[in-house]
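Scroll down for the structure; my scribbles are underneath it.
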Amino acid sequence: MKKLINSMFALAIAAFTLTSCEDVPMPYDITFEKDNKTPDPSDMEAKGTGTKDDPFNIVAAQNYITKGEGLDKEVYVQGIVVSVQEINTQYGNATYYISDDGTTTNQFYVFRGKALGNVKFTDSNKIKKGDKVVICGKLMTHTNGVKQLGQGNYIYSLNGQVQETTPPTNTGLNVTFDNNIANFTIVNVKALPEGLTKVWFHDANFKQMKATGRANNTNYETQSRLVSPAFSLKGMNTATLTFNNALNYLKSAALNDAVKVLVSTDGNNWKPLAINNPPSGKNWNFVDSTCDLKEYAGQEKVFVAFEYNSNKEIATTWEIKKVTVK
């Protein structure tokens with residue numbers, strides 16, 4: 001009986017203690033539901049128009065990629081460096097993550113970009129965690145589904161410092177695709193449709209770049225470009241683009257609808273070029289096709305792009321082994 005009375009007395013004291021504590025505020029007014037919740041990117045606000053004076057924030061950049069329009073144009077994205085994955089001084093580029101606040105929340109991938117002023121990284125101290133950057137480059141979705149600033153981007157502003165870009169020093173082009181993409185950039189002008197993971201890709205077995213809009217016995221509507229790095233035609237009076245290529249499965253499609261060669265002096269505005277000696281479109285026979293670049297001779301900065309197009313009726317296969325401009 002005595003034990004029962006003692007137990008009831010202890011319970012009464014405990015109840016009184018808990019009731020008395022109800023009015024005591026939690027330290028710093030912490031709300032666990034609020035403070036432990038990871039922000040959903042869809043709830044964040046998109047800011048910026050993508051210009052150097054009004055760069056995209058991360059959400060705006062992601063929305064721009066999702067929309068799938070204008071992905072062939074360079075835009076500006078601002079953020080704070082979250083982490084540096086690699087600085088390769090041999091090739092002069094860096095791969096890193098940025099976000100709006102410098103944390104891993106909604107971080108964004110920057111792939112193989114150059115340093116401030118569009119020059120090569122020469123040491124590993126040129127960029128670090130916490131740096132505020134504005135990056136110029138082309139937005140894209142990688143074949144693995146990751147939205148990113150694609151290879152060829154560069155830092156326009158670093159912690160408020162801006163440096164003028166260095167003009168390209170390479171005169172002309174002379175590349176093969178034996179081992180890799182050779183500093184070209186893949187730009188999916190139209191967002192990849194569901195069911196297709198890539199259009200242009202490096203075909204290591206045959207040492208070439210290859211484009212197709214067909215996968216799993218299905219044709220897809222695509223528009224994708226293989227874009228050269230910038231090169232110079234300064235001091236030249238004439239210039240010719242030559243590319244060793246093959247095209248198959250053209251069927252009833254017009255050649256100029258399926259494949260195009262484009263030229264630009266800023267990487268944003270493109271003009272089509274006439275293709276001389278084009279491939280037949282009916283077999284795997286490689287030919288040396290050419291385009292006249294005389295109009296652009298003397299220009300300090302030039303780009304060329306190979307544009308592949310397909311639809312649900314016809315999806316060709318285009319292969320390119322070598323590209324020269326001289």
_Which residue, N179, F286, S124, has the largest displacement toward the positive end of the dipole of the chain when charges sit on each Cβ (Lys, Arg +1; Asp, Glu -1)?_
F286
*Which of the listed residues, T51, S264, L250, is farthest toward the dipole's positive end in the chain, when Lys, Arg count +1 and Asp, Glu count -1 at the beta-carbon?*
L250
_Principal-axis tilt of helix 58-67 within the chain, Cα atoms, nearest 10 degrees_ = 50 degrees
*Step through the residues of segment 193-205 one at a time and calculate ³J(HN,Hα) from phi using the Karplus curve (6.51 cos²θ - 1.76 cosθ + 1.60, θ = phi - 60°), rounding each to whole Hz and writing x for Gly and Pro.*
x, 4, x, 10, 9, 6, 10, 7, 7, 7, 9, 5, 5
*Quote to one decimal, in nm, the extra length available between K271 and V162 on full extension: 0.36 nm per residue of separation minus the C-alpha distance between them.*
36.2 nm
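Scaled to the compact-protein estimate 2.2 N^0.38 Å, what is the alpha-carbon radius of gyration of segment 173-325, rounded to two decimal places? Numbers along the way, then the final one.
On the way: Rg = 15.0 Å, N = 153, 2.2 N^0.38 = 14.9 Å.
Dividing the Cα radius of gyration by 2.2 N^0.38 Å gives 1.01.
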*Would you mind checking which residues have amide H under 5 Å from K322's amide H? H placed 1.01 Å from N; only 5 or more apart, or other chain.*
N244
*Determine which residues of segment 209-232 fall in the zone a paramagnetic label at K190 would reach in this model, i.e. backbone nitrogen under 20 Å from the point 7 Å along Cα→Cβ.*
210-227
*asked:* Is there a quick way to get the dipole size of segment 168-253? I mean about its Cα centre, with the Cβ of Lys and Arg at +1 and of Asp and Glu at -1; what is the value in debye to the nearest 20?
replied: 100 debye
*If you add up the charges near H142, with Lys and Arg at +1 and Asp and Glu at -1, over every other residue whose beta carbon is less than 13 angstrom from its beta carbon, what do you get?*
+4
*Lys, Arg +1 and Asp, Glu -1 on Cβ, resulting dipole of segment 42-162 about Cα centre, debye, nearest 20*: 360 debye
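For the chain, what value does the Rg/Rh ratio take when both radii are computed over Cα atoms and Rh is the Kirkwood radius, given to two decimals? Before the final figure, lay out each step's value.
Numbers: Rg = 27.4 Å, Rh = 22.6 Å.
Taking Rh as the inverse mean 1/r over Cα pairs, Rg/Rh reads 1.21.
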*Considering only Cα-Cα distances, which of the following residue pairs are longer than 32 Å: K138/K282; K132/K271; K126/K190; K114/K322; K129/K271; K132/K322?*
K138/K282; K132/K271; K126/K190; K129/K271; K132/K322
*Using θ = phi - 60° and the Karplus form 6.51 cos²θ - 1.76 cosθ + 1.60, what ³J(HN,Hα) does each residue of segment 47-53 get, whole Hz, x for Gly and Pro?*
9, x, 10, x, 8, 5, 8
_Rel. contact order, % - alpha carbon contacts under 8 angstrom, at least six apart, the chain_ = 15 percent
*Net charge contributed by nearby residues that have their C-beta within less than 15 Å of T242 (K/R +1, D/E -1)*: +2
*Vicinal HN-Hα couplings computed from phi for segment 318-326 (Karplus, 6.51 cos²θ - 1.76 cosθ + 1.60; Hz; Gly/Pro x)*: 10, 10, 10, 9, 8, 9, 9, 10, 7
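Values quoted throughout were computed directly from the atomic coordinates according to the rules given, and no laboratory measurement underlies them. Just so we're clear, the structure is a prediction, and the values are computed from it rather than from any experiment. For neighbour counting, all protein chains shown are included, and Cβ atoms are generated from backbone atoms with ideal geometry for every residue, glycine included.
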